[in-house]
Amino acid sequence: RSDDSGGRPSRGGGGRGSSSSTPAAAFNYNDPLLTLAPREESNLPLCGAVPAAPDYIIPDGAKVCAKPPNNKMQVQDWILATVLRYAPATHKYTILDEDEAEGDAWAAADASSARQHVVSARMVMPLPTSEPSVYTPYNEFARGVWVLALYPDTTCFYKALVHTPPSQMPNAPPRDYLVEFEDESEASGKSEPMRVPQKYVMRMHS
């Protein structure tokens, strides 16, 4: 999952070497837009940074940020995945790794069980489903907060520091975050600010 230069993995796309010289606005994210929530719904669960309700069951077909169990070969990253099914008896989800899901997710699932992982519900986080029309400290991550963000041109989420929250971005909705990813190759320990859609910025897992 990692390149040899010590930069971010090239999983699902270009690695650190191919991305660092590209303007943040030029990065490609698949399906980045969220529905704009009305004012009265801007603090509801899964709007912006608002977490899901504790008893929320993620529906089949939903995109998630998930961490498959580690194996003997490697430590697993937080990945972008699709929920295939939920097992109430075990409180586990079967997910499909988006890095290996070429084309239709359901067809890919039928083609190879190797693309699937069974993951504890504690390690599966639903992506936001809407964007706030009115920002509050509850529905966005503030500057200086550590988050998990989808690294540009990959399907992996990594620890990042919020540089600029959406409410401080100059453009009209949809508004993105500017984040600085952890980067040991930089003297500051962080990358240059990169633009990441709200849909792919998650609360740090405790």
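Between LYS190 and ASP183, the built amide H atoms are under 5 Å apart, and every one of these is 5 or more places off in sequence or on another chain. Phi angles across region 196-206 convert, under the Karplus curve 6.51 cos²θ - 1.76 cosθ + 1.60 with θ = phi - 60°, into 3J(HN,Hα) values of 10, x, 3, 4, 10, 10, 10, 5, 4, 6, 8 Hz, Gly and Pro given as x. Exposure proxy shown here: for LEU84, LEU44, the number of other Cβ atoms within 10 Å sets the order, fewest to most, as LEU44, LEU84.
Let me check I've understood the local charge: for GLN198, count other residues with C-beta under 13 angstrom from its C-beta, Lys and Arg +1, Asp and Glu -1. What total comes out? My count for the surroundings of GLN198 gives 0.
Take the Cα of ALA89, go 7 Å toward its beta carbon, and none of the backbone nitrogen atoms of region 121-160 fall under 16 Å from that spot. Multiplying the residue separation of ASP55 and SER206 by 0.36 nm and subtracting their alpha-carbon distance yields 52.6 nm.
Every number in this text was worked out from the coordinates using simple rules, so none of it is lab data. Small disclaimer: the values here were computed from a predicted structure and weren't measured. Neighbour counts run over all protein chains shown; Cβ positions are idealised from the backbone, glycine included.
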